[in-house]
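Encoded as structure tokens, here's the structure I'll be asking about.
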Amino acid sequence: MNGILSNNNASGVSGQISADGNGTLAGTLDINDPAGITIGATLQGAYSVGNVASGRMTLTITTMVEGTRSYTGYIVDQNRVLLLETDNNLTSSGDAIRQF
């Protein structure tokens, strides 16, 4: 990864994302980044499970605020996926946890 975390490029993201079982993501995100705070940003995305390696998935998430970002997801269990961003010059990671 080529990103350097500082107060000028740090961001926090939280929200709700749903997967339709056919490779499509939808939802909303609250984003706090150097550009400001955005509440309820609509997202669209896509995912693919199992075509790379067992227990691993790929995702893309697009919002008007952040553009399109790519991730690799590591499936922990039916309730949790660990995410690692795979874009150049950007670094982020986090957990996607089933809520409902």
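The values are calculated or read from the model by the stated rules, or taken from the named source; none is laboratory data. Only a predicted model underlies this, so the values are computations on that prediction, with no experimental measurement involved. Glycine gets a Cβ as well: all are built from the backbone with ideal geometry, and neighbour counts include every protein chain shown.
Does THR58 satisfy the condition of being within 12 Å of the chain's Cα centre (by Cα), surrounded by 12 or more Cβ atoms within 10 Å (Cβ to Cβ) and in a strand (DSSP E or B)?
Judged against the criteria, THR58 is a match.
Go through (1) surrounded by fewer than 17 Cβ atoms within 10 Å (Cβ to Cβ); (2) farther than 20 Å from GLY21 by Cβ; (3) without any contact (Cβ under 8 Å) to a residue 40 or more places away in the chain one by one and return the number of the condition ASN79 breaks.
So ASN79 meets the others, but not (2).
Being of a type outside the set (A, V, I, L, M) and under 19 Å from ASP20 (Cα atoms) narrows it down to one of GLY40, GLY50, so name that one. Steps first, please.
Values: GLY40 fails: under 19 Å from ASP20 (Cα atoms).
Going through GLY40, GLY50 in turn, just one is of a type outside the set (A, V, I, L, M) and under 19 Å from ASP20 (Cα atoms): GLY50.
With the requirement that a residue be over 17 Å from TYR71 (Cβ atoms), touching an Asp or Glu at 6+ places or on another chain (Cβ under 8 Å) and acidic (Asp, Glu), what does segment 10-46 give you?
The answer is none; no residue qualifies.
Being in a strand (DSSP E or B) and either modelled with pLDDT under 70 or closer than 17 Å to LEU83 by Cα (or both) narrows it down to one of ILE37, ILE31, so name that one.
ILE31 is the lone residue from the list that is in a strand (DSSP E or B) and either modelled with pLDDT under 70 or closer than 17 Å to LEU83 by Cα (or both).
Check off (1) assigned to a strand (DSSP E or B); (2) surrounded by 13 or more Cβ atoms within 10 Å (Cβ to Cβ) for VAL65 and give me the number that stays unchecked.
It fails just one condition, (1).
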